[in-house]
1. List pairs: first residue in segment 45-62 and closer than 15 Å to R30 by Cβ, second residue open to solvent by 70 Å² or more (accessible area, probe 1.4 Å) and not aromatic (F, W, Y) anywhere in the structure, Cβ distance under 8 angstrom, at least six positions apart or on different chains.
2. Name the pairs: first residue in segment 7-22 and more than 15 Å from I66 (Cα to Cα), second residue in a loop (DSSP other than H, G, I, E, B) and of a type in the set (D, E, K, R), Cβ to Cβ under 9 Å, at least 6 apart or on different chains?
3. Take the residues of segment 44-79 that are open to solvent by 70 Å² or more (accessible area, probe 1.4 Å) and of a type in the set (A, V, I, L, M): which is modelled with the lowest pLDDT?
4. Got a sec? Which of V28, V82 is out of contact with any Gly (no Cβ under 7 Å at 6 or more places or on another chain), modelled with pLDDT under 95 and in a loop (DSSP other than H, G, I, E, B)?
5. Can you report the number of residues in segment 22-38 which are out of contact with any strand residue (DSSP E or B) (no Cβ under 7 Å at 6 or more places or on another chain) and either of a type in the set (D, E) or open to solvent by 60 Å² or more (accessible area, probe 1.4 Å) (or both)?
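The values are calculated or read from the model by the stated rules, or taken from the named source; none is laboratory data. Remember, it's a predicted structure, so these values are computed and weren't measured experimentally. Neighbour counts are summed over all protein chains in view; Cβ atoms, including those assigned to glycine, are modelled from backbone coordinates with ideal geometry. When the accessible area is computed, the model is the full protein with side chains, heavy atoms only, and any ligands, DNA or RNA have been set aside. Shrake-Rupley method; radii C 1.70, N 1.55, O 1.52, S 1.80 Å.
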Amino acid sequence: MLTSLVLICSAAVTPDVRDCTRANATAVMRVPAKFGNPAACFLHGQAYLAETSLAQDLRETDRIKIVCARSQSVAAKTPMAVTR
């Protein structure tokens, strides 16, 4: 099973979104669902972000990266996404 992680990074720190990681992201959210395939994982990660207040507060310099990771490897301390 896969878990979506939504990473928000600053373009000033990571001009190339490929360099955005959990370590340098300004915000990290874990989507509270598990997915069987990468396509569903990415799509639901984007949809969850869109439903949060964090999405409304994004700045022009913020970069968004959706990462799909094995659910067992995602740390429990990564916060779940909270929808409005």
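1. What qualifies is L49/I64; E51/R84; T52/V82; T52/R84.
2. Hits for this filter: A11/E60.
3. So, considering only residues that are open to solvent by 70 Å² or more (accessible area, probe 1.4 Å) and of a type in the set (A, V, I, L, M), the one modelled with the lowest pLDDT is A76.
4. Answer to the check: V82.
5. Here the count works out to 3.
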